Amino acid sequence: MQTVLITGGTGMVGQALTNYLIDKGYEVIVLTRSKKRSSRLHLSYALWDIEKQFIDPEALKLADIIVHLAGESVATKRWTKKRKEAIVKSRVQSGALLVKALKENEHKVKTVVTASAIGWYGPDTANSLQNGFKESDPSDDSYLGATCKQWEESIHEIASLGIRLVTLRIGIVFNKRGGALAEFIKPAQFGMATVLGTGTQMVSWIHQQDLCKMIVYAAETQAVQGVYNAVSPEVVTNKVLVEAVANKLHKHLLTLSVPVFALKIMLGEMSIEVLKSAKVSSEKIQSAGFSFDYPNLDTALTQLLK
């Protein structure tokens, strides 16, 4: 039985991945800032401290695979200068800590799967609208593009240590209990579809179960190495998405548009990302043999909103 060490294991995706891994027969160790006891079979907790650059060496010694999900949430608070610094710092310092720990401690880690985000890419171009952004495309010079570049660079040295490194650029994750989908559900419960801006912006998303499945596939498949986009094959516009949610929950009665100026007032700089169109391709991971359980919006929403 292999052991997976998870950073960011207490977050939305981390909790779902923990359950998925245990169901698949793995031992899971979740790194936390405060020591916890687990009452659950095959799950334990170990200490780490990003500020002090410390990881429990015994936990590291047990790990066969590391899944690195740690990082301050991008979407929960306004992007003040302090908040933006915290978002970058949490990603860069945690990546540096993993590199340092793997260099300095005894371990048997063979694979590291690390999160990044499709914020790497800029707004759509004529080419991306036709073919989707590919993993070889350069990072955008926006705040999120620069953040993703630093995020990926912070852990890239792991590949030079003889450890297989897989980086997943993750799209908007659809989950039953939180994240972006929960915000679309609120007005949809009353039959309203709330379109953001023009609603023509392309949304690259992934069902949480497919993301967990992809992380495990990346960990188990030796031929998978380097950067892959973690998005579903079907990319849809914001308008199509919110109307589909409304129709699944209630007979769709009304479509409302939130004007761009209102989003800018409510969200500040973060409104740029909400309004940005980014059609991202899943071709590379599919060519590597991965199959989606929820490849299109209808199957995903049917499962999530049933």
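Report every pair of residues separated by at least 6 positions or lying on different chains whose Cβ atoms are under 6 Å apart, first residue within region 153-168 and under 20 Å from SER139 (Cα atoms), second β-branched (Val, Ile, Thr) and surrounded by fewer than 22 Cβ atoms within 10 Å (Cβ to Cβ).
Matching pairs, first to second residue: SER154/VAL92; GLU157/VAL99; VAL166/VAL224; THR167/VAL227.
Could you tell me which residue of region 185-207 is nearest to PRO123 (Cα to Cα), considering only residues that are in contact with a Lys or Arg (Cβ under 8 Å, 6 or more places away or on another chain) and either without any contact (Cβ under 8 Å) to a residue 24 or more places away in the chain or not in a loop (DSSP other than H, G, I, E, B) (or both)?
In this case the residue turns out to be MET202.
VAL88 - would you say it is more than 27 Å from VAL224 (Cβ to Cβ) and within 23 Å of the chain's Cα centre (by Cα)? Please lay out each step first, then the result.
Details: more than 27 Å from VAL224 (Cβ to Cβ): yes; within 23 Å of the chain's Cα centre (by Cα): yes.
Judged against the criteria, VAL88 is a match.
Which residues, counting only those in region 49-68, are crowded, with 23+ Cβ neighbours inside 10 Å and either in a loop (DSSP other than H, G, I, E, B) or among the small types (Gly, Ala, Ser) (or both)?
Within region 49-68, ALA63 is the sole residue that qualifies.
Only one residue in ALA117, ALA180 is under 15 Å from the mean Cα position of the chain (by Cα), in contact (Cβ under 8 Å) with a residue 12 or more places away in the chain, buried (at least 21 other Cβ atoms within 10 Å of the Cβ) and closer than 27 Å to GLN93 by Cα, so which one is that? If you could, list the steps in order and put the result at the bottom.
Working: ALA180 fails: buried (at least 21 other Cβ atoms within 10 Å of the Cβ).
Exactly one residue qualifies, and that residue is ALA117.
How many residues does region 23-35 hold that are farther than 21 Å from GLN53 by Cβ and free of Cβ contacts under 8 Å to residues at least 60 places away in the same chain?
First, pick out the residues of region 23-35 that are farther than 21 Å from GLN53 by Cβ: 23-28.
Next cut, free of Cβ contacts under 8 Å to residues at least 60 places away in the same chain only: 23, 25-28.
Final tally of qualifying residues: 5.
Return the only residue of SER257, SER271, SER232 being small (Gly, Ala, Ser) and surrounded by fewer than 19 Cβ atoms within 10 Å (Cβ to Cβ). Show your work before the answer.
Details: SER271 fails: surrounded by fewer than 19 Cβ atoms within 10 Å (Cβ to Cβ); SER232 fails: surrounded by fewer than 19 Cβ atoms within 10 Å (Cβ to Cβ).
That would be SER257, the only listed residue that is small (Gly, Ala, Ser) and surrounded by fewer than 19 Cβ atoms within 10 Å (Cβ to Cβ).
If you check ILE6 against the conditions, is it in contact with a helix residue (DSSP H, G or I) (Cβ under 7 Å, 6 or more places away or on another chain), crowded, with 16+ Cβ neighbours inside 10 Å and within 25 Å of ILE172 (Cα to Cα)? Quick ask: steps written out before the conclusion?
Details: in contact with a helix residue (DSSP H, G or I) (Cβ under 7 Å, 6 or more places away or on another chain): yes; crowded, with 16+ Cβ neighbours inside 10 Å: yes; within 25 Å of ILE172 (Cα to Cα): yes.
So ILE6 passes the test.
In region 1-42, what residues are closer than 15 Å to ASP64 by Cα and in a strand (DSSP E or B)?
Scanning region 1-42 gives THR3, VAL4, LEU5, ILE6, THR7, GLU27, VAL28, ILE29, VAL30, LEU31.
We did not get these values from a lab; they are worked out from the coordinates using the rules stated. Predicted model only: the values in this text are computed from it and were never measured. Neighbour counts are summed over all protein chains in view; Cβ atoms, including those assigned to glycine, are modelled from backbone coordinates with ideal geometry.
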